[in-house]
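The values are calculated or read from the model by the stated rules, or taken from the named source; none is laboratory data. Just so we're clear, the structure is a prediction, and the values are computed from it rather than from any experiment. A quick note on method: Cβ atoms are made from the backbone with ideal geometry, for glycine too, and the neighbour counts reach across all protein chains shown. For the accessible areas, the whole protein counts, side chains as well, though only heavy atoms, and no ligand, DNA or RNA atoms are used. Shrake-Rupley method; radii C 1.70, N 1.55, O 1.52, S 1.80 Å.
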Amino acid sequence: MDTATICVILSIAAGTILFLVQSGGRRRLPPWPYPFPIIGNMLQLGRYPHRYLADLSKTYGPMLSVKVGRDYLVVVSSPELARKLVTQHDQAISARSVPTSAKAWDHDKYAMGLLPVGSLWRKLRKITKNQLFLAIKLEGSQGLRQEKLRQLHKHLRDCCAAGRAVDIGEVVHTTVLNQMSETLFSRDFGDFGSDSIRRLKDIIEDVIQSYIRPNFADLFPFLKGIDLQGISRRAKLSAGRAFAILEDVIEMRLSSRSALGYIKKTDILQGLLDLMNDSENGLTMAEIKHLLLDLIIAGVDSTASTVNWATTELMLNPEKRAILKDELATVIGEKKQVLESDMLRLPYLQAVIKEVFRYHPTGPLLVPRKATEDIHFEGFVIPKNTRIAFNVWCTARDSTIWSNPDSFEPERFLGTDIDFIGTHFKLIPFGAGRRICPGITLASPMIPLLLAFLVHNFDWKLEVGEEVDVAEKLYLSLRKSVSFKIIPSFNSFQK
Ligand code: HEM
């Protein structure tokens, strides 16, 4: 045999072995649809990945893989498999994949939502759980949030008097943003429609956009370091603006703390600054600044979106709104303010919130995790570094799990013990396991309180020419893409 023939035979053999090794490795992944070369299934995932993945699960079953750029994403869409994966492999699925843009200002090295499970992540989780978001601590800042409802009351009263229509999504977003900033550092950023609140919203929106925009540098490692789309540049600029605001807030607080007669605040910044000199859980200034940004990004959009979907569904279902109004009238009576302590006496309100979490899950794929090691699960192998998503949107629309899954029926939760704290896997809007949302103790009173306030105090009439649209768009959370305007009028007891 001449040398050329040997070379040809050897390359065919090497190619075949390589093919077998690669396809054998991939065959052990959960099943996947055929990917296009280079881009994989990216185009099909499109703007509504949860819907495409839900469709795929009809063909490939409750655990499947899709190729996104160079890597695979494993998607779990059955509560039973989600429960098994979280209970059997919580530690091994507890990493996150970090977008290149989050590296601006080293946010990836400090952000609780992005850090791997390690000493800093543990410290931040411990502080948020035991010090900041403890229900009893949050009670202390309840007054700050109630004050924002009083401002909303005044704003809607003015609109009522002038017969002016109100963009419900807009007022909800402003109220949540101000409630959050009051809870975090006793400060609001401006009134409804003011330039200052618009500027802040734009900054936060820019930061979010830079983190979620598909970035070639994340999809193809050989492009790392080349900011082809300018996303990292934009992240640096917008996160820089956000940090400048936070630094200003922190500095002002530090100087007022050292002034004579300073009265301790009940907010989260007070708790964080108190911890600066703590020998066990000491925090640096950088850690405080990044944590505040992380909490604003994770907390405002998700909470406002949820209240927005709730108002939308109650607008579309006036009979459900009437039931809720009746419950509030009976339990709260002529009191204008609904209190966090009233919540337990309002089962229909609780059921409405659960149904909104089911029907319009804030994160339809939650916040994807990343495997820290090869995981052997249900006869498949999820290789190390593979991203894992839970398609809770698909679970919510599954008629084998929920009756009439495509209609808004809060009644389905009445008289059941289903909650959303990560134990009932058919309803896990806040995730589950060790990375479950730490903001759950803040979001779970804030959302019903704001909704109850809007329903209890006002009657809503759609402005002429307006429509209630349920189109959605996926940002960090699943937002409504079109808002609607209502003309509020006072409930009879307020006239
Ligand atoms: C409707 C309201 C909210 C929903 C549905 C929600 C949902 C989630 C989900 C699904 C996760 C990922 C959990 C997992 O991987 O298992 C998460 C993480 C997180 N959430 Fe929330 N969230 C909400 C409100 C908030 C609020 C109010 C805050 C704080 C002010 C917050 C702060 C965070 C943070 C810091 C993380 C990252 C935790 C980590 O990776 O260790 N969230 N949230």
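Can Pro361 be described as of a type outside the set (Gly, Ala, Ser), open to solvent by less than 30 Å² (accessible area, probe 1.4 Å), part of a loop (DSSP other than H, G, I, E, B) and within 13 Å of the ligand (Cβ to nearest atom)? So that I can check it myself, show each step before the final result.
Working: of a type outside the set (Gly, Ala, Ser): yes; open to solvent by less than 30 Å² (accessible area, probe 1.4 Å): yes; part of a loop (DSSP other than H, G, I, E, B): yes; within 13 Å of the ligand (Cβ to nearest atom): yes.
Judged against the criteria, Pro361 is a match.
Residues in the range 410-445 that are open to solvent by less than 50 Å² (accessible area, probe 1.4 Å), more than 9 Å from the ligand (Cβ to nearest atom) and part of a loop (DSSP other than H, G, I, E, B): Ile418, Asp419, Phe425, Leu427.
Scanning the range 410-444 for residues that are among the aliphatic types (A, V, I, L, M) and in contact with a Ser or Thr (Cβ under 9 Å, 6 or more places away or on another chain) turns up Ile421, Leu427, Ile428, Ala432, Leu442, Ala443. Candidates in the range 115-149 are the residues that are without any contact (Cβ under 8 Å) to a residue 60 or more places away in the chain and more than 16 Å from the ligand (Cβ to nearest atom); of these, the one that is least open to solvent (accessible area, probe 1.4 Å) is Glu147. Only one of the numbered conditions (1) within 16 Å of the ligand (Cβ to nearest atom); (2) touching a residue at least 60 places away in the same chain (Cβ under 8 Å) is violated by Leu246, and that is (2).
Tally time: how many residues in the range 408-434 are under 13 Å from the mean Cα position of the chain (by Cα) and not β-branched (Val, Ile, Thr)? Give the derivation first.
Step one: filter the range 408-434 for residues under 13 Å from the mean Cα position of the chain (by Cα), giving 428-431.
Still in the list and also not β-branched (Val, Ile, Thr): 429-431.
Going through the range 408-434 one residue at a time, the tally reaches 3.
Pairs linking a residue in the range 289-310 that is closer than 15 Å to Met446 by Cα and more than 9 Å from the ligand (Cβ to nearest atom) to a residue that is among the small types (Gly, Ala, Ser) and part of a helix (DSSP H, G or I), with Cβ atoms under 8 Å and 6 or more positions apart or on different chains, are Asn308/Gly169. Val367 falls short on exactly one of the conditions (1) open to solvent by 30 Å² or more (accessible area, probe 1.4 Å); (2) part of a loop (DSSP other than H, G, I, E, B); (3) touching a helix residue (DSSP H, G or I) at 6+ places or on another chain (Cβ under 6 Å); (4) of a type in the set (A, V, I, L, M), and that condition is (3).
Among all residues of the range 469-477, there is at least one that is assigned to a loop (DSSP other than H, G, I, E, B), crowded, with 18+ Cβ neighbours inside 10 Å and within 13 Å of the ligand (Cβ to nearest atom).
When the residues of the range 34-55 are filtered to those that are closer than 28 Å to Phe222 by Cβ, of a type outside the set (Phe, Trp, Tyr) and modelled with pLDDT of 95 or more, which remaining residue is most open to solvent (accessible area, probe 1.4 Å)? Write out each step before concluding.
Within the range 34-55, the first condition is being closer than 28 Å to Phe222 by Cβ, and the residues that meet it are 34-47, 49, 52-53.
Next cut, of a type outside the set (Phe, Trp, Tyr) only: 35, 37-47, 49, 53.
Now restrict to residues that are modelled with pLDDT of 95 or more: 49, 53.
Values: Pro49: 20, Leu53: 3 Å².
Among those that are closer than 28 Å to Phe222 by Cβ, of a type outside the set (Phe, Trp, Tyr) and modelled with pLDDT of 95 or more, it is Pro49.
The helices (runs of 4 or more DSSP H) located wholly in the range 257-350 that include 1 or more residues which are more than 22 Å from Glu247 (Cβ to Cβ) occupy 285-316, 318-332. Cβ-Cβ distances below 8 Å connect the following pairs, each with a first residue in the range 409-438 that is among the charged types (D, E, K, R), a second residue that is within 6 Å of the ligand (Cβ to nearest atom) and open to solvent by 50 Å² or more (accessible area, probe 1.4 Å), and a separation of six or more residues or different chains: Arg435/Val367. Checked against (1) open to solvent by less than 40 Å² (accessible area, probe 1.4 Å); (2) in a helix (DSSP H, G or I); (3) not hydrophobic (A, V, I, L, M, F, W, C), Lys103 passes all but condition (1). Reported count of residues in the range 216-256, each being within 26 Å of the chain's Cα centre (by Cα) and in a helix (DSSP H, G or I), is 23. Suppose the filter is open to solvent by 30 Å² or more (accessible area, probe 1.4 Å) and either within 30 Å of Gln44 (Cα to Cα) or outside any helix (DSSP H, G or I) (or both); does Val98 pass it? Considered against the rule, which asks whether it is open to solvent by 30 Å² or more (accessible area, probe 1.4 Å) and either within 30 Å of Gln44 (Cα to Cα) or outside any helix (DSSP H, G or I) (or both), Val98 comes out as yes. Being over 20 Å from His424 (Cβ atoms) and assigned to a strand (DSSP E or B) is the requirement here; does Ser65 meet it? So Ser65 fits the description; yes. For the range 162-184, a residue qualifies if it is open to solvent by less than 10 Å² (accessible area, probe 1.4 Å) and more than 21 Å from the chain's Cα centre (by Cα), and exactly one does: Val166.
On inspection, Asp459 does not qualify as away from the ligand (no atom under 16 Å from the Cβ), closer than 30 Å to Glu139 by Cβ and surrounded by fewer than 18 Cβ atoms within 10 Å (Cβ to Cβ). Summed over the range 332-373, residues that are of a type in the set (Gly, Ala, Ser) and under 22 Å from the mean Cα position of the chain (by Cα) total 3.
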